[in-house]
Amino acid sequence: MYGKGLRPLSIATVVAVAAALSLVFFYAPLDADQGFIQKIFYLHVPLAITALIGFVVGGVFAIFHLRSGNRRWDAYSYVSIHMSVIFGVAVLITGAIWAKASWGHWWVWDEPTLVSFLIVFLMYATYYPFRYAIEDPERQARYASVFAVTAGAFVPLNFMAVRMAQSLVHPRTFGTANGGLPGSMMFTFLVCLAAIALLWVTLVKLELTAKSTSGQLKRLRRALDAPAPSSGGSRIAPEVS
Amino acid sequence: MIGLLLAAAPALPLDEAGKYVAGAYIVFLVLIVVYVAIMASKLGHMEKELRELASFAEHRADGEAAAGSDREEVSADV
Amino acid sequence: MTPSRTAFLTILGKDLRAELRTLQSLPAMALFATTTFVIFRFGLDRTTLSGSLAAGVLWATLLFAALLGVNRLFVSEREEGGFDAIRLAPIDRSALFAAKATALFTYLLVLELVVVPIFALFFLGSAAALGPLLAVLLLADLGIAATGTLISSMAVQSRARDLLGPLVLLPLVVPLMIAATGASEPLLALGGPGYHRFGTWLAVLSLYDLIFLLLGWAVFDFLLED
């Protein structure tokens, strides 16, 4: 039963997001370097951290799938990665907005974290065509899990390599803005992180509930011997039943 | 105090910066709303399918009830 | 000798002999790389390269040539039922991974032994960098062999085979490319080979190789399940 617990979870998310937004705009002090633009970080960084953890979680679910053969873990893995890709889009867009506000360009190569994230995003974007190209559902699930594990191992390596590639001429601007965060900013940041993380979990659960419902409908249809539905099913998303 | 901070040359003047910050939070909101819209359309499909199945099941139940009562009548005649 | 080791040697031998006999992949890869160098000469409008430009041209070309080899790696297995044979045999299935990765590594090495001197001929002032460059090439080849074999074994059993391998492999090897070009750039500097952070980059390459060789070995069993 995926839907159980969805209500308290969403309520908690609403409360957390409301608290986070209030803190960002009414409590957190103005940054000396960046000014009002720094407020973007309360959104951008928690999104990035949550997305990255989501990718790793997707890899962990994939390991469970490979070891147990239970396709439910594959569904969890798929939805985790899917949600993290969506959050990733938000990370890149908010990152670009911040870059434009700070440097005048919509994209800069000077921020190693943002560049690393772009590469990770490109890697996981290939997850969809990869799944789509494998027809047999059982094999698709297995190969997708291998992909998720491989990509999970790739994430830290990628961050390390990109960071090392940065020339020492351009200091890490987010580093200086983040270094020695005053207590009030850190508190605000943590609340934002909790809110975004809760949002991720809620949306993943929502997605799994929708998939499960769809799966139950298929099951019902089969049990009733009813004819096939007018609209076809998805070829890449794993089924949950 | 705030005045001192503002005077310490932030990256953009406050009203300019405000647009970018607002833009970022709006993008976030829009993505969430788009997701809700997609889920809503999925829900609509599921409702339609469930309705089809329900009427199919009811038809079949009616058909069986009718066939059952036909059989009863036949046996009653005999 | 264990059955797995026998299987490893048999598969490796078969692949290398087949390549030697038919010469399907290697000449194509070498020709592709050489022509790409010519394209770069005109594309960049330069007749000599050094430093970051040289490293970039060399590694981008090697990578794209490697993709050709990666695409063809499991073709014989797919067409002649090699996957089923492995499934039926009472051996460690990772032996197939080891054999194929070794074969790919060999192709890459042979490719580079031909193509890197050509690169030096076309663009470099001296061959002084080629010695230390060999270390970088060896470590990078190991990484491409590991990831290429892993991805290729899955892509070959999919619908969009020639497209899927390169698509998934390219982002995966970005850290490897960063490290390889990072090490090569000072080597190919104008004034003679430099070794700025050479050890560090080699360490990154080794870490990459270790992680993906282990991963490929561990995971290959699941790829062949039926």
_Going by what's in this entry, would C:Glu185 be described as closer than 28 Å to C:Val75 by Cβ and either within 12 Å of another protein chain (Cβ to nearest Cβ) or in contact with a Phe, Trp or Tyr (Cβ under 8 Å, 6 or more places away or on another chain) (or both)?_
no
*Being in a helix (DSSP H, G or I), hydrophobic (A, V, I, L, M, F, W, C) and surrounded by fewer than 19 Cβ atoms within 10 Å (Cβ to Cβ) is the filter here, so list the residues in segment C:153-166 that pass it.*
C:Leu163
*Scan of segment A:32-49 for residues that are more than 14 Å from A:Thr113 (Cα to Cα) and either under 12 Å from the mean Cα position of the chain (by Cα) or of a type in the set (Lys, Arg) (or both), ordered by number*: A:Lys39
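Here is a yes/no grid of residues against (1) of a type outside the set (A, V, I, L, M); (2) modelled with pLDDT under 85:
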residue	(1), (2)
B:Lys19	yes, no
B:Tyr25	yes, no
B:Leu29	no, no
B:Ser41	yes, no
B:Met46	no, no
B:Arg51	yes, no
B:Ala65	no, yes
*Residue list for segment A:1-58, filter: assigned to a loop (DSSP other than H, G, I, E, B) and among the hydroxyl-bearing types (Ser, Thr, Tyr)*: A:Tyr2
*Could you tell me which of the residues A:Val91, A:Val60 is more than 12 Å from chain B (Cβ to nearest Cβ) and either surrounded by 15 or more Cβ atoms within 10 Å (Cβ to Cβ) or over 29 Å from A:Ala144 (Cα atoms) (or both)?*
A:Val60
*For A:Ala101, indicate whether it is more than 9 Å from chain C (Cβ to nearest Cβ), within 21 Å of A:Leu199 (Cβ to Cβ) and surrounded by 21 or more Cβ atoms within 10 Å (Cβ to Cβ).*
no
*Could you say which residue among C:Ala120, C:Ala85, C:Ala135, C:Ala128 is of a type in the set (Gly, Ala, Ser) and farther than 19 Å from C:Ala183 by Cα?*
C:Ala85
*Of the conditions (1) facing chain A (nearest Cβ under 7 Å); (2) not in a helix (DSSP H, G or I), C:Tyr195 fails just one. Which one is it?*
(1)
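The values are calculated or read from the model by the stated rules, or taken from the named source; none is laboratory data. This one's a predicted model, so the numbers in the text were calculated from it and none came from an experiment. All Cβ positions, even for glycine, are placed from backbone atoms using ideal geometry, and neighbour counts span all protein chains on display.
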